[in-house]
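> For reference, the structure I am asking about is given below.
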Amino acid sequence: AAPPGQPRPGGRPRRAAPTGATEEAPPEARAAEALLRQADVALSEAKRSGRPAVEVYDRSRDRHTPGRLALLGDLRAALDTGQVRLHYQPKVRFDGSVAGLEALVRWDHPERGRVAPDEFIAVAESSGLMPRLTDYVLEAALAQVARWRTEGIAVPVAVNVSPRDVHTPGFAGAVAARLARHGVPAGALQLEITEHVLLDDPQQAADTLAGLTGHGVRMSLDDFGTGYSSLVHLRRLPVSELKIDRAFVARLAEDGEDAEIVRCTVELAHSLGLAVVAEGVEDGETWNRLRDLGCDAVQGWLLSPAMPASQTTRWLRDHHRPAAGAAAVAGHGPAAPGPARAPQRQREDPARPAP
């Protein structure tokens, strides 16, 4: 299904594919009613993308399947009982100082085990539960920041927010009130957004973002380079930091095109007074290339996996210190030159990283 188009004759959804290719209906959708409902799900996804698009029905995006409805109910219960936890992954400058932490949600289901963040976040976004999940994460993150500050650890924490959050009237005021209640200065909180916040309601998004930055909350643009009009949106977003997506970082050391994209991105960001953080750094060669390209800070398994709060506290006590490059994270240019050698990859957790 594709906006404003309709299913092809015969009821088969359209998709982006080479000429002559066809898409068979899923086996469970042989009945006309089920097929039409699945075509409607694909159409909704195409409209939600905000650009001319062709979408094929994707079961993982269908919030009406029995499995997703069960997962939604379990997620609601998990938020009620505190099953959803935050882990924290450090962002580190090339002089070795800590630039901040990113709060990442983890859910250990009592029967399913660890549920992938992409899976339950998609359920929350499609069901209207996302604002509640964001409130939960903000509350947990700010409570932890307040505890760290009483222990003499002052480090900013970034929390991801969705377009649905930014489009909610009163969101900026609610964040400011939560900061005041925890006694946390606004500069200790950073909100990570994507360019998609401008697609549905640009004016509401602009008002909310202006309200947040007016309160002193810093904004970071996540997943830069993966959208369709990042340069246009970058001019309209009041961000102080830009994060290069791991898709460009993973092959940086062996792909000249990715290296050039990263170089241009760093130069562009610095020309606009923005700091640059590279995600997904997993080896010393990538660390060295990013340092040479002028990136300000990195995040990834080379430095540390995402850790529970208690383990993060120990890590911070070992690593947290002031740095001459501290101004870089506020968006005032690159940090001080880094060391000649990259750090050794952390080995605390043998599992691969999750979003």
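> To the nearest 10 square angstrom, what accessible area does His109 show with a 1.4 Å probe?
Estimated to the nearest 10 Å², His109 gives 20 Å².
> Now, a different point. If you count only protein heavy atoms with a 1.4 Å probe, what accessible area per residue comes out for region 106-175, rounded to a whole Å²? Working shown, then result.
Working: 2830 Å² over 70 residues.
Per residue, region 106-175 has 40 Å² of solvent-accessible surface.
> Let me ask something else. Skip the ligands, DNA and RNA, and give the accessible area per residue of region 188-287 with a 1.4 Å probe, whole Å².
On the way: 4130 Å² over 100 residues.
With the other protein chains kept in place, region 188-287 gives 41 Å² per residue.
The values are calculated or read from the model by the stated rules, or taken from the named source; none is laboratory data. From a predicted model like this one, the values you see are computed outputs, not experimental measurements. SASA here: full protein model, heavy atoms, side chains in, ligands and nucleic acids out. Shrake-Rupley method; radii C 1.70, N 1.55, O 1.52, S 1.80 Å.
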